[in-house]
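One structure below.
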Amino acid sequence: SAVHILPLITSIDPLSGPVGTQVTISGGGFTGATRVAFGGISATSYTVLSPSMIQATVPSGFTKGKVAVKTRNGKSFSTQKFVVQ
């Protein structure tokens, strides 16, 4: 049987910046991520660099909130919030 690994975000870096900032999302279970969102707004773009790291671009229309990563296995939210400056 297949092992389902839930995504988990442990940190985001940086925690603030302008729209268009490249944010590194660290954690695990990111393989095959289907959506990355900032406060419910889909990232402008994102790249899964490894099962434990994603780079995502902060979208316009977002001001402050948690980052979410969704995979086929589930969804994870960051404990930290990103603030657009």
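The values are calculated or read from the model by the stated rules, or taken from the named source; none is laboratory data. Everything numeric here is computed off the predicted structure, so don't read it as measured data. All Cβ positions, even for glycine, are placed from backbone atoms using ideal geometry, and neighbour counts span all protein chains on display. When the accessible area is computed, the model is the full protein with side chains, heavy atoms only, and any ligands, DNA or RNA have been set aside. Shrake-Rupley method; radii C 1.70, N 1.55, O 1.52, S 1.80 Å.
Worth pointing out:
- Given charges at beta-carbon only (K, R positive; D, E negative), |dipole| of the chain in Debye: 240 debye
- Calculated diffusion of the chain, Stokes-Einstein form, Kirkwood radius summed over Cα pairs, 4 °C and 1.567 mPa s, µm²/s: 104 µm²/s
- Carbon/sulfur fraction of accessible area - the range 1-84, other protein chains in place, 1.4 Å, %: 56 percent
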